[in-house]
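The values are calculated or read from the model by the stated rules, or taken from the named source; none is laboratory data. All of these numbers come straight from a predicted model, not from anything done at the bench. Cβ atoms come from the backbone with ideal geometry, glycine included; neighbour counts cover every protein chain shown. Heavy atoms of the whole protein, side chains included, go into the accessibility calculation; ligands, DNA and RNA do not. Shrake-Rupley method; radii C 1.70, N 1.55, O 1.52, S 1.80 Å.
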Amino acid sequence: MITCDSPGLAPLDQALESLLSFVEPIRDAQTIPLTEADGRVLAADVTSAMNVPPADNSAMDGYALRAADLADGDTLKLAGKSMAGHPFRGTLRAGECVRIMTGALVPAGADSVVMQENTGVADEGLIRFPHGADQGDNVRLSGEDIRAGQILLTAGRRLRPADVGLLASVGIAQVSVRPRLKVALLATGDELVEPGRPLADGQIYQSNSFTIATMLRRLGCEVLAMGTVQDSAAALRQAFVQADAEADVVMTTGGVSVGEADYTKDVLESLGRIDFWRLAIKPGKPFACGHLPSSLFIGLPGNPVSAMVTMHQLAAPMLRRLAGEHQVKPVRLRAQTSDVLRKRPGRTDFQRGLCDYDDHGQLHVRAVGNQSSAVLSSLSQANCYIVLEQERGRVEAGETVTVELFDGLML
Ligand code: AMP
Ligand code: MG
């Protein structure tokens, strides 16, 4: 494993692989109503017990008929109607048609539907079909969406709106999901003040608890906000002990950079097994991770951009794994940079970018705002990362770069 005890910086992909190997997915499950299922992680595969649609039905308003009946004439006798929720009870006989509405059952004996616009009334009780019909026209077949016995969604799926609808469409009203992770979140630093209070000389408002808590909630976690802890061994120790007792995961921001690390390190190492990483990622070099007696510990850097980027790129995959979720690959695209991008080889750089297509369909990206890891407004303005490979140096305007579109955790 590569940690800060190893020489050099840990490349991002290797570090992530190592970090994920620290994490054992939770095994617990709970049953919840479908109305609360959005964003929850499925604990088991879900199989459909039925066909969707359950029976053949019409895709159009018009007339149900037997296509072959229109081979030698264009007029059929109206035998009744089939409305959505009120099917035609009989069987269609030769030479007959049935008025039918969208979603209504196709009557026994009928094999196609002719849309209203292609029909005419010949005489009372007689309908004309001047354009004929082909078997199967405008009929939605039973099971064409979902077949009985089919696996609908697999364990580890984080449910989205369409998934919730899919479950509803097969009559499922409850699902078995993993419990929400309880994450205790604490900011560290003597300089930090909570918004809403007056600011003295040398103090700043703390923002990390707000960015990280918001991202955690979007990841489906329950956040235990533990406020700001002073940079003192006693205060940190007490906070970590309490957080560990209450949460599945303890997360901190700040206090893991050079100079401070030894200090937080002593406290953490007296309580659990924590590794301090120097990652080849910019922003966000310092990162700590390991185990307290009954929780996973993740220490994010203090700089606001570094905290969010490491939360997004490293902590979120770990939390997804712990929560039993499949890993999701971010969407990465190739774009042409409109700006010169300053970079030195050595670390993978996540610059903040704004990308857009031009009139010719070419994707362009420009760096937004000040790229310092302390400048949060750049993340607020961006819609993507410009991901610059570890060994890459300065990038000239017009070169092709990789962009990673912000997902629902960031936007
Ligand atoms: P640290 O990692 O504790 O050395 O912090 C690095 C930088 O991030 C310092 O400038 C801190 O003042 C700043 N910082 C640390 N925690 C926070 C926070 N919760 N909100 C905003 N800035 C912070
Ligand atoms: Mg600090």
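How high is the relative contact order of the range 236-359, in percent, with contacts defined as C-alpha pairs under 8 Å that are six or more residues apart? Walk me through the numbers on the way to the answer.
On the way: 162 pairs, mean separation 28.4, N = 124.
23 percent.
Assign one of three labels to the range 57-140, namely rounded, prolate or oblate, based on the Cα gyration tensor with a ≥ b ≥ c the square roots of its eigenvalues; rounded applies when a/c is under 1.5, prolate when it is not and a/b is larger than b/c, and oblate otherwise. Spell out each step's value before the answer.
Values: a/c = 1.45, a/b = 1.35, b/c = 1.08.
Rounded.
So which trypsin sites (Lys or Arg not before Pro) in the range 35-144 are both in a DSSP loop and have at most 11 other Cβ atoms within 10 Å of their Cβ?
Details: sites: 40, 66, 77, 81, 89, 93, 99, 128, 140; in loops: 40, 66, 89, 93.
Filter output for the range 35-144: 89, 93.
Counting each DSSP H run of 4 or more residues in the chain as -39500 (n - 2.57), what helix-only mean residue ellipticity at 222 nm follows after dividing by all residues, to the nearest 500 deg cm²/dmol?
Working: 8 runs with 74 residues, N = 411.
Result for the chain, helices only: -5000 deg cm²/dmol.
Let me know the Rg and Dmax you get for the range 10-169 when you use only its Cα atoms, in Å.
Looking at the range 10-169, its Cα Rg and Dmax stand at 24.2, 83 Å.
If one computes P(r) from the Cα atoms of the chain, what percent of pairs lie at distances over 31 Å? Provide the component values of the computation, followed by the final result.
Details: 46705 of 84255 pairs.
That fraction is 55 percent.
Quick one: grab the alpha carbon gyration tensor of the range 231-320, order the square roots of its eigenvalues as a ≥ b ≥ c, and give me rounded if a/c is under 1.5, else prolate or oblate depending on whether a/b is larger than b/c.
Values: a/c = 1.88, a/b = 1.29, b/c = 1.46.
Because a/c hits 1.5 or more and a/b fails to exceed b/c, the range 231-320 counts as oblate.
So what is the relative contact order of the chain, in percent, for Cα pairs below 8 Å that sit 6 or more residues apart?
Values: 948 pairs, mean separation 65.6, N = 411.
Relative CO of the chain lands at 16 percent.
Just to check I understand the Karplus step: with θ = phi - 60° and J = 6.51 cos²θ - 1.76 cosθ + 1.60, what whole-Hz values come out for the range 192-203, glycine and proline as x?
Once θ is set to phi - 60°, the couplings for the range 192-203 become 8, 10, 6, x, x, 9, x, 10, 9, 3, x, 9 Hz.
Which net charge results for the neighbourhood of residue 139, defined as the other residues with beta-carbon distances under 9 angstrom from its beta-carbon, given Lys and Arg at +1 and Asp and Glu at -1? Please report the intermediate quantities before stating the final value.
Details: positive: 140; negative: 56, 111, 137.
After counting each charged neighbour, the total is -2.
Over the chain, what percent of the accessible surface lies on carbon and sulfur atoms, probe 1.4 Å?
Working: 9790 of 19690 Å².
Carbon plus sulfur share of accessible area: 50 percent.
Roughly how compact is the range 332-405, stated as its Cα Rg over 2.2 N^0.38 Å to two decimals? If you can, show how the numbers build up before the last one.
Values: Rg = 11.5 Å, N = 74, 2.2 N^0.38 = 11.3 Å.
In units of the 2.2 N^0.38 Å rule of thumb, it is 1.02.
Quick one: accessible area per residue over the chain, 1.4 Å probe, rounded to a whole number of Å²? Don't skip to the end; give the middle numbers.
Values: 19690 Å² over 411 residues.
Solvent-accessible surface per residue comes out at 48 Å².
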